[in-house]
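The values are calculated or read from the model by the stated rules, or taken from the named source; none is laboratory data. Everything numeric in this text was worked out from a predicted model, so none of it was measured. Note that each Cβ is placed from the backbone with ideal geometry, even for glycine, and that neighbours are counted across all protein chains shown.
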Amino acid sequence: MKPLPDIDTAPTIADEAAVNPVAGIDQTKGDFQYKVDYAFDAGTGLTEDTVRYISSVKKEEPWLLDFRLKALKTFLEKPMPTHWATKDLENIDFDKIRYYLAQGQKPKRTWDEVPDDIKQTFERLGIPEQERKFLAGVEAQFDSEAAYSNIKEIVAKQGVIFVNSTEGLREHPEIFRKFFGKVIPTGDNKFSALNSAVFSGGSFIYVPPGVKVAQPLQAYFRINAENFGQFERTLIIADEGSEVVYMEGCTAPKFSTSTLHSAVVELVALKGAKIQYITVQNWANNVFNLVTKRAVAHEEAEVKWIDCNIGSRLTMKYPGVVLKGRKARGEVISIALANDGQHQDTGAKMIHAADDTTSVVVSKSISVGQGRATYRGQVHIPRHLKGCKNNTECDALLINTNSRTDTYPAITVRGDKNATQHEASVSKVSEDMIFYMQSRGLTEAQAMSLAVNGFINDLARQFPMEYSVELKRLIDLEMEGSVG
Amino acid sequence: MSVSSPTAAVGSFTQAAFDAHLAKVSHLPAWWLDRKRAAYERFAVAPMPKRTNEGWRFSNLAALTLDGFNPAPAACPFAQMDHHELGVTGAGHLVFANNRLVASQPLAAEAAKQGIIFDTLQNALLKHGDLVRAHLLTQPSKLGSDKFAALHEAFLEDGAFIHVPKGVTAPLPVGVFHYACGDGTAVFPHTLVIAEDNAKITVADFFRTGSGASPAPRAFACGGNDLYAGHGASVTYVAMQDWSRETLSFQFNATLARRDARVLSLNLHAGARQARHESFSQLAAPGAHSEMLALTVAHGTQEFDQRTLQIHQAPNTSSNLLYKNALLDQAKTIFSGLIVVDADAQKTDAYQSNRNLMLSDDAEAHSLPGLEIQANDVRCTHGATSARIDREQEFYLESRGIKPAQAQELLVFGFFEEVLGKIEHQELHDTLTDIIREKFRA
């Protein structure tokens with residue numbers, strides 16, 4: 001093995017063009033930049049040196065460096081999955097992307113410099129004052145130390161480990177190494193390999209047997225510049241009979257200077273455990289959001305993914321559950337909203353690997369303007385199982401005449417002791433409904449917003465209250481100017 | 001372009017075999033021979049389907065060999081064949097064996113007087129060249145079998161041609177029989193149906209192996225049909241595929257429905273070792289309707305691979321797809337369907353449904369129902385289910401003293417009747433029912 005590169009001699013940025021990886025891409029939401037001095041910066045482009053550099057900055061053990069290097073090799077070998085996925089993936093320029101940044105200093109931007117329309121967006125979404133500064137990039141870190149340590153203190157008393165991935169691997173290798181990379185192997189797909197090579201940030205959570213974590217754990221609260229990192233890696237282990245709810249993201253637009261976000265999230269629900277994982281994604285319109293999320297549910301365990309995608313240029317994300325133990329249950333609730341220039345390619349995977357396992361997929365998508373929403377799903381029930389059931393429902397709502405939606409499910413059933421059901425429908429907002437509301441004095445846009453909110457209402461209700469309120473406001477916002 | 005290109009397999013269908021085939025049909029119009037030559041070129045350079053081809057997802061690619069077949073099988077005398085006039089007694093018949101016409105019964109005098117043409121494709125190419133040129137194999141192959149569709153066009157020797165003039169209703173269905181006799185035989189059946197404006201016709205295609213020889217002869221069947229329905233026309237097409245259990249079968253359908261036209265096609269799949277069926281419906285003008293139906297009885301280790309595409313190109317069009325599969329033993333079925341609604345095809349009403357009845361613990365059903373919608377004022381739904389017979393219904397019948405085997409048969413026929421009931425012609429309906437019953441009792 002080559003000696004680790006010294007930090008001082010790490011790749012540096014040659015010219016200004018390379019510094020801004022979003023140059024040349026239309027950024028309607030995130031078109032502001034600010035000068036930030038990064039303490040650690042791996043430069044642009046991806047080579048073995050980049051990976052060694054990241055590993056050395058994080059002071060990782062040799063096995064992890066090996067893991068990263070192998071992953072890099074896999075990433076480089078794997079072709080783009082464009083034989084089934086959108087050709088837009090070919091527009092990702094891997095050489096212009098920064099693979100590692102660690103912020104050392106606060107940005108120099110002030111609140112006064114934040115554009116008015118962004119301030120208005122925060123206002124209308126009802127984002128707390130403190131959080132706004134963080135989201136707008138005024139503060140490098142969201143100042144909620146008090147709230148964070150409070151939660152951490154409460155859960156730590158129960159024996160819950162809630163740390164970032166670097167800390168988790170360093171301080172609790174006995175727990176995390178056992179499960180790390182096991183649910184989603186490096187070679188699962190090109191982007192899981194990429195994440196395995198360059199990951200930083202994300203959460204590591206371990207919930208001891210029988211512990212029911214009372215409040216949802218939020219990545220949001222954790223103070224860490226890596227929080228909204230491009231290549232976060234999250235691993236949650238719920239030991240026997242435990243329960244935990246985890247939330248990531250927020251409904252406010254996230255301004256990002258990176259064009260590629262590729263996370264890997266692995267969940268392990270041991271016997272009788274329950275995990276609920278809630279995501280609200282609202283990346284800027286220039287971001288490729290290519291995420292691999294999968295859970296393993298052991299005997300009588302329950303895993304529920306609640307996944308809401310509003311932002312990004314292209315999202316490809318199919319949360320999955322491998323139902324490994326008898327009577328395990330998997331559920332995916334998915335909401336996608338695709339506006340002009342966006343493609344939300346989302347769905348679910350349910351792999352039944354034991355008897356009497358059940359799974360439910362409910363997906364609702366809304367296409368606005370020239371937006372494109374795609375449902376892609378897989379249900380797999382292999383031979384000689386019995387009592388497995390899957391129910392899938394996909395509803396798509398098209399707002400404008402040029403909106404687009406697709407549905408591509410794949411269902412495999414073997415044997416005569418299981419049952420699957422898949423149903424999908426595509427429709428537009430009922431004219432009668434709009435007419436009725438307009439006759440009651442609502443404008444067409446208000447009526448449309450109300451109808452769209454009604455369409456997703458039964459799913460939105462499953463979100464925590466503050467999220468569902470923000471989601472509703474966000475839909476109002478997105479629907480503006482889409483009619484009339 | 002070289003035929004011996006290392007990337008593309010031609011199997012038994014070599015350049016020499018193609019040249020020999022061309023020599024046999026050299027009396028046909030030059031444009032047709034040119035098209036055949038171009039088709040052979042496409043076939044010879046196209047690679048075999050690969051694992052990464054989405055259009056072949058879940059298919060058994062290893063068994064798609066083109067080796068060991070006879071592209072020019074010897075004639076098969078009619079007397080040696082086990083021919084039945086299935087389902088269309090009294091109507092016009094054409095009987096083909098090993099790509100050649102062996103028997104025929106002309107249309108009733110009344111039908112002929114109305115100007116209905118029912119003839120072989122070879123005769124039509126000579127006598128009605130322009131009609132054939134406008135409709136024969138003119139639709140693109142969009143469902144993955146470009147290579148095999150090109151092979152079909154290259155080696156297509158003869159088939160049936162049906163033309164119904166404007167405003168004419170054919171009094172009876174017409175029947176076309178295709179037989180493959182002998183081991184290794186390659187057949188390329190084709191049926192071309194042209195229903196002019198406001199015409200009406202029912203056509204039945206039967207695909208069978210010539211005799212009940214044992215062991216079952218190994219055959220290669222690569223057939224197609226073109227269904228054209230002019231303004232306000234109505235075409236009903238029924239195909240019964242009952243090749244020997246050692247046959248590799250391809251069937252390509254292209255349906256084009258014009259303004260207010262209505263096309264119903266029903267495919268019964270019973271035979272072959274591995275059978276791929278591609279059905280492509282174009283709803284080209286307002287008011288067009290396509291009814292796409294299929295029934296499959298899958299036994300033993302049979303594989304039925306069905307791929308469909310319904311394209312709505314104009315406003316106010318409708319389509320309804322219902323594919324029902326019954327799976328026994330270690331059989332495998334694949335249904336992959338796609339509804340495409342073009343941007344200006346507002347007020348489309350499209351439905352797609354795949355129901356798999358699992359009758360064995362070793363059977364395997366794959367369902368890939370898809371939608372691609374680019375217009376907003378539409379009603380598009382699809383559904384797919386895979387399950388066994390409802391235990392409660394079974395219990396109810398048994399509680400009434402009906403034996404389990406009989407109860408199962410009744411419930412399976414109940415499952416199929418939803419599709420069979422759409423066939424208005426009673427004799428055809430009964431024939432289909434009989435074939436299914438025979439398959440179940442075998």
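Just a few scattered comments:
- Filter result for the condition that a residue is within 13 Å of chain B (Cβ to nearest Cβ), crowded, with 17+ Cβ neighbours inside 10 Å and within 19 Å of residue A:368 (Cα to Cα), over A:395, A:416: A:395
- Yes/no for residue A:408 being surrounded by 24 or more Cβ atoms within 10 Å (Cβ to Cβ), within 21 Å of residue A:337 (Cα to Cα) and facing chain B (nearest Cβ under 9 Å): no
- Residue tally, condition assigned to a strand (DSSP E or B) and in contact with an Asp or Glu (Cβ under 7 Å, 6 or more places away or on another chain), over segment B:156-174: 2
- Where a residue in segment A:306-318 is without any contact (Cβ under 8 Å) to a residue 40 or more places away in the chain and its partner, wherever it lies, is small (Gly, Ala, Ser) and buried (at least 24 other Cβ atoms within 10 Å of the Cβ), with Cβ under 6 Å and at least six apart: A:307/A:334; A:309/A:336
- In the set (1) in a loop (DSSP other than H, G, I, E, B); (2) more than 29 Å from residue B:193 (Cα to Cα), the condition left unmet by residue B:85 is number (2).
- Of all the residues in segment B:36-64, those that are assigned to a loop (DSSP other than H, G, I, E, B), away from every other protein chain (no Cβ under 14 Å), surrounded by 14 or more Cβ atoms within 10 Å (Cβ to Cβ) and out of contact with any strand residue (DSSP E or B) (no Cβ under 8 Å at 6 or more places or on another chain) number 2.
- Residue A:354 vs. criteria surrounded by 23 or more Cβ atoms within 10 Å (Cβ to Cβ), among the small types (Gly, Ala, Ser) and at pLDDT 95 or above: no
- Candidate set: segment A:65-96, residues that are surrounded by 15 or more Cβ atoms within 10 Å (Cβ to Cβ) and within 14 Å of chain B (Cβ to nearest Cβ); chosen: the one farthest from residue A:180 (Cα to Cα): A:86
- Residue list for segment B:259-278, filter: of a type in the set (D, E, K, R), surrounded by fewer than 23 Cβ atoms within 10 Å (Cβ to Cβ) and on the phi < 0 side of the Ramachandran plot: B:259, B:262, B:273
- Qualifying positions in segment B:173-218 - farther than 27 Å from residue B:426 by Cα, in contact with a Phe, Trp or Tyr (Cβ under 6 Å, 6 or more places away or on another chain) and at pLDDT below 95: B:184
- Residue list for segment B:300-312, filter: assigned to a loop (DSSP other than H, G, I, E, B) and surrounded by 20 or more Cβ atoms within 10 Å (Cβ to Cβ): B:302
- Candidates B:209, B:185, B:120, filtered to the one that is surrounded by fewer than 23 Cβ atoms within 10 Å (Cβ to Cβ), under 21 Å from the mean Cα position of the chain (by Cα) and β-branched (Val, Ile, Thr): B:120
- For segment B:353-384, the tally of residues that are polar (S, T, N, Q) and modelled with pLDDT under 95 stands at 4.
- Test: residue in segment B:236-248 that is of a type outside the set (A, V, I, L, M, F, W, C), assigned to a loop (DSSP other than H, G, I, E, B) and in contact with a strand residue (DSSP E or B) (Cβ under 6 Å, 6 or more places away or on another chain): yes
- Residues of segment B:154-181 that are closer than 19 Å to residue B:256 by Cα, touching a helix residue (DSSP H, G or I) at 6+ places or on another chain (Cβ under 8 Å) and surrounded by fewer than 24 Cβ atoms within 10 Å (Cβ to Cβ): B:163 alone.
- Only a single item in (1) closer than 17 Å to residue A:417 by Cβ; (2) touching a strand residue (DSSP E or B) at 6+ places or on another chain (Cβ under 8 Å) is not met by residue A:355, and it is number (2).
- Restricting A:380, A:352 to residues that are within 11 Å of chain B (Cβ to nearest Cβ) and either more than 19 Å from the chain's Cα centre (by Cα) or among the basic types (Lys, Arg) (or both) narrows the list to A:380.
- Condition broken by residue B:134, with the remaining ones in (1) in contact with a helix residue (DSSP H, G or I) (Cβ under 8 Å, 6 or more places away or on another chain); (2) modelled with pLDDT of 95 or more; (3) surrounded by fewer than 19 Cβ atoms within 10 Å (Cβ to Cβ) satisfied: (1)
- Under the condition of being under 27 Å from the mean Cα position of the chain (by Cα) and among the hydroxyl-bearing types (Ser, Thr, Tyr), the residues counted in segment B:7-45 number 3.
- Residues located in segment B:251-296, provided they are outside any strand (DSSP E or B), of a type in the set (D, E, K, R) and touching a Gly at 6+ places or on another chain (Cβ under 8 Å): B:258, B:259, B:260
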